[in-house]
1. At 1.567 mPa s and 4 °C, plugging the Kirkwood radius over alpha-carbon pairs of the range 130-211 into Stokes-Einstein gives what diffusion coefficient in µm²/s?
2. For helix 4-16, what angle does its Cα long axis make with the longest principal axis of the chain, in degrees from 0 to 90 and rounded to 10?
3. Quote the Stokes-Einstein diffusion coefficient, in whole µm² s⁻¹, for the chain, based on the Kirkwood radius over alpha carbon pairs, a temperature of 37 °C and a viscosity of 0.692 mPa s.
4. Using only the alpha-carbon atoms, how far is helix 62-72 inclined from the longest principal axis of the chain? Give it as 0 to 90 degrees, nearest 10.
5. Considering the options I19, A165, A151, tell which one lies farthest towards the positive end of the dipole of the chain, charges being +1 on Lys and Arg and -1 on Asp and Glu at the Cβ, about the Cα centre.
6. Sorted from largest down, what three extents in whole angstroms do the Cα atoms of the range 1-126 have along their principal axes?
Amino acid sequence: MTSARTRERMIARLLEQGISDQEVLDVMLRIPRHLFVDEALAHRAYEDTALPIGYQQTLSQPYVVARMTELILGARRMERVLEVGTGSGYQSAVLAALAEHVYTLERIRPLHERTRKRLQQLKVYNVFPRYSDGTVGWPEKGPYDAILVTAAAEQVPHELLAQLAEGGVLVIPVGGQEAQSLRRIRRQQDQYHEEVLEPVRFVPLLKGRLR
């Protein structure tokens, strides 16, 4: 269930679902998604479903990872990317293959520690994890060419918008438990241009840190 053929089926399904960026597809074919979940769930890693990773958090389904990644990519290679919500580290690893530096924030300490070790074991050296409240971002490392948020905010945090570079893109789910939509926001000088894209369902973006 973790063979090359299984991964190829996942990529074929992503193509059918409308993912067209070949870089994203190539990266997701290459990265061993089954290593980012508990061994008992490894046989389900390439299914089109979200999977639990503990602490009421999930690894997003492959389509969502691919779609959000595709949305932040521009014509040039990204130098600095901020990820809010490290989770299992799978999205971090995907971003690491497409950007020079990935700064990623996780508010749940055990997830942060586990994922930091996993990325080291996989020799993903351009991801910089931090145990922190993701809603305030990581201003010292910005500004960012792209910010990707893997939890749903009731409103877009102003702190994150302020950390976008000129021409930068923020991709974030917005809404409550009843209804959420994926948004893409581009910064042009001091103006922000927002697109509402499609319905999604994510865990809520929470303030503070959890030990």
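1. Working: Rh = 13.0 Å.
Taking Rh from Cα pairs, D becomes 99 µm²/s.
2. Its long axis makes an angle of about 50 degrees.
3. Numbers: Rh = 17.1 Å.
The estimated diffusion coefficient comes to 192 µm²/s.
4. 30 degrees
5. A151
6. The principal-axis extents, from largest down, are 37, 36, 24 Å.
Bear in mind these aren't lab numbers, they're just calculated from the coordinates by the rules spelled out. Here the structure is a predicted model, which is why all the values come from computation and not from measurement. When we count neighbours, we look across all protein chains shown, and the Cβ atoms used for this are built from the backbone with ideal geometry, even at glycine.
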